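Heads up: the structure comes next, in structure tokens.
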Amino acid sequence: MGGLATNVTALHLRNCIDGAWIDATGNDAFEDSDPATGELIATATKSNVEDVRQAVEAARRAADGWRLTPAPKRGEILYRAGELMLRRKEELAREMTREMGKVLAEARGDIQEGIDMTYYCAGEGRRQFGDVVPAELPDKWAMSMRQPLGVVAAITPWNFPFAIPTWKLMPALVLGNTVVFKPASDTPLMAVRLVEILMEAGLPKGVLNLVLGPGAVLGDALVSHPGVDLVSFTGSSETGAHIGELGGRLLKRVSCELGGKNAIVVMDDADLDLALDGIVWSAFGTSGQRCTAASRVIADRAIVAQLTDRLVARAKKLRLGPGLDEKNTDVGPVISRSALEKVHSYVGIGEREGATVAAGGRVATEGALAKGFFHEPTVLVDVKPNMRVAQEEIFGPVVSVIETGSLEEAVRVVNSTKYGLSCSIYTRDVNDAFRFMRDAETGLVYVNAGTIGAEIQLPFGGTKSTGNGHREAGRAALDVYSEWKSIYVDFSGRLQRAQMEP
Ligand code: NDP
């Protein structure tokens, strides 16, 4: 690893319950290691359902005090947290790259997204507008205001281990909810860092509680605990469906942000240089491990051969390596051995269905790469829209090229999967661009840009199996983390009956 900063002494990471950093009751631990090198970064306490219970109870106890803290004061704590993040951005980014593999420039982007979301939500401390509307009766006042739900369970994945938790924690907190945070077991360090920052910024004890440990063991206890009012989850569709079912039976609010099978459409009039940049970035950035990653390129017959040749050449040039090695690495590892096996299995699945590997296709094991979980950036061609590689989320650096003959056909193919998160079109024809914007069945649409790169001030989320109808980020997030209360004040001094007065 040469001169890279890999000599960090292994840390021990603990839960944060009721303001105290403590080991789980079972005294068990799990390992947190670097997917590029296999080096141990930290050990983390492994919670069980008793720890979940304690965390929820602490959050419950803190709920009234936090709810009654003026929202602008809550916002000020978030401002201070944003300042701390900004000051520590570089060290946080380096820890992130070590912990989950994304290249350093992207890790900086992940932290920046967390900072953006934190500042954005801090501002909500002084907004949270309600309506004041005319009442239909004389001497009567009618208005609405937001109320916190109570205790929020935030369950997050490893691929944006800082940004995604801020998408949940910051709106939840500024709206007056208390939180139990269960991060992915692959990224406990980033979760600990985020909670440390919020505590240092002045969050009262019990308002944010962290529980580390396996979702498969802790998940049901957390979701079904009667003290939890809202479950906000990002991750796989399978886990999301399970959480949605369990929460639904208990009539809880459950917000799920799940997978994608995102497509980039390239029309025959597109700027191909621009399109190629967007495809390479969207397909291979974060080693394809973004819910918005482009895993399908839908190219017009007139340009598909030229585009594919150039995409193959670009994919072959990408250099695999540890994300900390900024000068020599374009694409980092995938998160784990099981992820590597899953990603690679799709190459075989594609070939058996008739696809051809035009670039990559192998697990990379040359030299130091053998110590990590590296998969070559892969381009599959001869792919038909109904093949599994064109329908299922691969979550790795694998992109399929599909040929189409018209905008209508391209839109049909874009919409032909069970997911509906992101898609994009490259064209110079404004009419085609607007038709696409109208007809694509996704929550995010890009024109002349790739499928990734959402900004935090607009709603984020998808249609169909990508979620269950909620949106993160932007003003839309406020609706997830609060309840509306409508209030009528009658100052007439007599009984007035709505809809029944003359
Ligand atoms: P999971 O859905 O299993 O994990 C996401 C989060 O849910 C983690 O915190 C996990 O904990 C937790 N979890 C796991 N099982 C349960 C459960 N029964 N109840 C409650 N929480 C649970 O996704 P993976 O990380 O295993 O990734 C698998 C696939 O999911 C990927 O290959 C990809 O296709 C998709 N995915 C999509 C993401 C997106 O951004 N839309 C993000 C991540 C994954 P723990 O880590 O302890 O298991």
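The values are calculated or read from the model by the stated rules, or taken from the named source; none is laboratory data. Note that the coordinates shown come from a computational prediction; the quantities given were computed from them, not determined experimentally. Neighbour counts are summed over all protein chains in view; Cβ atoms, including those assigned to glycine, are modelled from backbone coordinates with ideal geometry. The protein model used for the area step is the full one, side chains on, heavy atoms only, and it has no ligands, DNA or RNA in it. Shrake-Rupley method; radii C 1.70, N 1.55, O 1.52, S 1.80 Å.
Hey, P226 hits all of (1) open to solvent by 30 Å² or more (accessible area, probe 1.4 Å); (2) within 14 Å of the ligand (Cβ to nearest atom) but one; which does it fall short on?
Every condition holds for P226 apart from (2).
State yes or no: is S416 under 23 Å from D300 (Cβ atoms), assigned to a loop (DSSP other than H, G, I, E, B) and under 27 Å from the mean Cα position of the chain (by Cα)? Don't jump to the end; show me each part of the working.
Details: under 23 Å from D300 (Cβ atoms): yes; assigned to a loop (DSSP other than H, G, I, E, B): yes; under 27 Å from the mean Cα position of the chain (by Cα): yes.
In short, yes.
Failed condition for R193, given (1) away from the ligand (no atom under 11 Å from the Cβ); (2) more than 30 Å from L11 (Cα to Cα), with all others met?
Evaluating R193 over (1) away from the ligand (no atom under 11 Å from the Cβ); (2) more than 30 Å from L11 (Cα to Cα) leaves (2) as the failure.
One residue is enough: does segment 474-488 have a residue meeting the conditions of a type in the set (D, E), buried (at least 23 other Cβ atoms within 10 Å of the Cβ) and in contact with a Pro (Cβ under 9 Å, 6 or more places away or on another chain)? Outline the logic, then answer.
As a first pass, look at segment 474-488 and keep what is of a type in the set (D, E): 479, 483.
Imposing the further condition that a residue be buried (at least 23 other Cβ atoms within 10 Å of the Cβ) reduces the set to none.
Checked segment 474-488: no residue is of a type in the set (D, E), buried (at least 23 other Cβ atoms within 10 Å of the Cβ) and in contact with a Pro (Cβ under 9 Å, 6 or more places away or on another chain).
Please indicate, with yes or no, whether at least one residue in segment 149-156 is farther than 24 Å from E455 by Cα, within 11 Å of the ligand (Cβ to nearest atom) and either of a type in the set (V, I, T) or in a loop (DSSP other than H, G, I, E, B) (or both).
Among the residues of segment 149-156, not one is farther than 24 Å from E455 by Cα, within 11 Å of the ligand (Cβ to nearest atom) and either of a type in the set (V, I, T) or in a loop (DSSP other than H, G, I, E, B) (or both), which makes the answer no.
Limited to segment 311-345, what total is found for residues that are more than 16 Å from the ligand (Cβ to nearest atom), open to solvent by less than 80 Å² (accessible area, probe 1.4 Å) and part of a helix (DSSP H, G or I)?
Of the residues in segment 311-345, 4 are more than 16 Å from the ligand (Cβ to nearest atom), open to solvent by less than 80 Å² (accessible area, probe 1.4 Å) and part of a helix (DSSP H, G or I).
Cβ-Cβ under 8 Å, sequence separation 6+ or interchain: first residue in segment 355-382 and more than 15 Å from V304 (Cα to Cα), partner outside any strand (DSSP E or B) and of a type in the set (F, W, Y). Which pairs?
V363/F374; A364/F374; T365/F374; P377/F284
Restricting attention to segment 346-367, report how many residues are part of a helix (DSSP H, G or I) and of a type outside the set (A, V, I, L, M, F, W, C).
Quick first cut of segment 346-367, residues part of a helix (DSSP H, G or I) only: 346-352, 367.
Keeping just the survivors that are of a type outside the set (A, V, I, L, M, F, W, C) gives 346, 348, 350-352, 367.
Going through segment 346-367 one residue at a time, the tally reaches 6.
With the requirement that a residue be of a type in the set (S, T, N, Q) and within 14 Å of I264 (Cβ to Cβ), what does segment 279-315 give you?
Residues of segment 279-315 of a type in the set (S, T, N, Q): 282, 286-287, 289, 292, 295, 306, 308.
S282, T292, S295, T308, listed by residue number.
Going residue by residue through segment 114-124, is there one that turns out to be open to solvent by less than 10 Å² (accessible area, probe 1.4 Å) and hydroxyl-bearing (S, T, Y)?
yes
Of all residues in segment 428-439, which are in contact with a helix residue (DSSP H, G or I) (Cβ under 8 Å, 6 or more places away or on another chain), open to solvent by 10 Å² or more (accessible area, probe 1.4 Å) and in contact (Cβ under 8 Å) with a residue 40 or more places away in the chain?
Answer for segment 428-439, where residues must be in contact with a helix residue (DSSP H, G or I) (Cβ under 8 Å, 6 or more places away or on another chain), open to solvent by 10 Å² or more (accessible area, probe 1.4 Å) and in contact (Cβ under 8 Å) with a residue 40 or more places away in the chain: just D432.
Quick one: which of F162, F181 is aromatic (F, W, Y) and either closer than 21 Å to W66 by Cβ or open to solvent by 10 Å² or more (accessible area, probe 1.4 Å) (or both)? Talk me through it step by step, then tell me what you get.
Details: F162 fails: either closer than 21 Å to W66 by Cβ or open to solvent by 10 Å² or more (accessible area, probe 1.4 Å) (or both).
That would be F181, the only listed residue that is aromatic (F, W, Y) and either closer than 21 Å to W66 by Cβ or open to solvent by 10 Å² or more (accessible area, probe 1.4 Å) (or both).
Only residues that are open to solvent by 30 Å² or more (accessible area, probe 1.4 Å), among the hydrophobic types (A, V, I, L, M, F, W, C) and either near the ligand (Cβ under 8 Å from one of its atoms) or not in a helix (DSSP H, G or I) (or both): list them for segment 229-257, please.
Matches in segment 229-257: L250, L251.
Hey, can you tell me all the residues within segment 204-223 that are open to solvent by 10 Å² or more (accessible area, probe 1.4 Å) and either part of a loop (DSSP other than H, G, I, E, B) or more than 12 Å from the ligand (Cβ to nearest atom) (or both)?
The initial filter retains those residues of segment 204-223 that are open to solvent by 10 Å² or more (accessible area, probe 1.4 Å), namely 204-205, 214-217, 219-221.
Within segment 204-223, P204, K205, P214 meet the criteria.
Return the pair list, or none, for Cβ contacts closer than 9 Å from residues in segment 243-266 that are free of Cβ contacts under 8 Å to residues at least 12 places away in the same chain and more than 16 Å from T292 (Cβ to Cβ) to residues that are more than 9 Å from the ligand (Cβ to nearest atom) and in a helix (DSSP H, G or I), at least 6 apart or on different chains.
Within 9 Å, the pairs are R249/S224.
With the structure loaded, tell me whether F373 is outside any strand (DSSP E or B), on the phi > 0 side of the Ramachandran plot, at pLDDT 95 or above and within 23 Å of the chain's Cα centre (by Cα) or whether it fails that test. So that I can check it myself, show each step before the final result.
Numbers: outside any strand (DSSP E or B): yes; on the phi > 0 side of the Ramachandran plot: no; at pLDDT 95 or above: yes; within 23 Å of the chain's Cα centre (by Cα): yes.
For F373, the condition - outside any strand (DSSP E or B), on the phi > 0 side of the Ramachandran plot, at pLDDT 95 or above and within 23 Å of the chain's Cα centre (by Cα) - is not met.
Within the set of pairs 6 or more residues apart or between chains, which connect a residue that is farther than 16 Å from Q128 by Cα inside segment 478-490 to a residue that is open to solvent by 70 Å² or more (accessible area, probe 1.4 Å) with Cβ atoms less than 6 Å apart?
V489/W141
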